[in-house]
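Written below as structure tokens is the structure these notes are about.
All of the numbers you see were taken from the coordinates with simple rules; none came from a lab. Because the structure is predicted, anything quoted here is derived from the model rather than measured. Please note: Cβ atoms are built from the backbone with ideal geometry, for glycine as well, and neighbour counts cover all protein chains shown.
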Amino acid sequence: MNWTDFSSVGYPTLFLGVLIGSIVPIVPTGAVVGAAAAIAMTGHLSLPLVLLLATAGAVIGDVVTFAVARLGGDAAVRWLARGQKPERLVAARQRFARQGWQLVVVGRLLPAGRIPVLLAAGAVGYPWRRLVPATAVACVLWAVAYALLGVLSGGLFDSPLVATLLAAVLVLLVTGVINLVAKRRRERAKVG
């Protein structure tokens, strides 16, 4: 393996980062995709391959998370839900019966929404035949959205390092704004 070649390190790092972060949310997967897309814009990686690997890692990670919740019973759901607010999981379960497919797609796109939705899907026995296509669509949309942030930053700078840093900052800013808007909506809903 040539450690100085971006593709030798970049593609495996992208795939594994997204896969691991999709199972255990310790890796900021959106920032990983944005950074890889930024590097692709500097000519060191292929953008279509970045999208493919990001989508594949996210789909596999989401299916694994769902499978653990679906096959692991209550103990697995409790372990996976650590760090999540219990009321989020309860609310997701109630809505799943009515809007499962849409919840899977939207849950993937909203920060901190994916895990409660996948846990709820597993806990309520959502069918595999419906989950997998919904997850695939959601992961494609997610990968494209975060890659666009990377494309924007990578198109501005020729340096892969500067483009990567800007992509990570953009992803964090967008995530922060989405979280802030969601928080304000929840506060208004409590008042109203």
Taking the mean number of other Cβ atoms within 10 Å as a proxy for protection, how do you rank 28-36, 116-124, 140-148, 97-105 from highest to lowest? 28-36, 116-124, 140-148, 97-105
How about the stretch 1-70: which chymotrypsin sites (Phe, Trp or Tyr not before Pro) there lie in a loop by DSSP and see at most 10 other Cβ atoms within 10 Å? W3
Roughly how many Å is it from the Cα centre of the stretch 93-158 to that of the stretch 18-71, as a whole number? 12
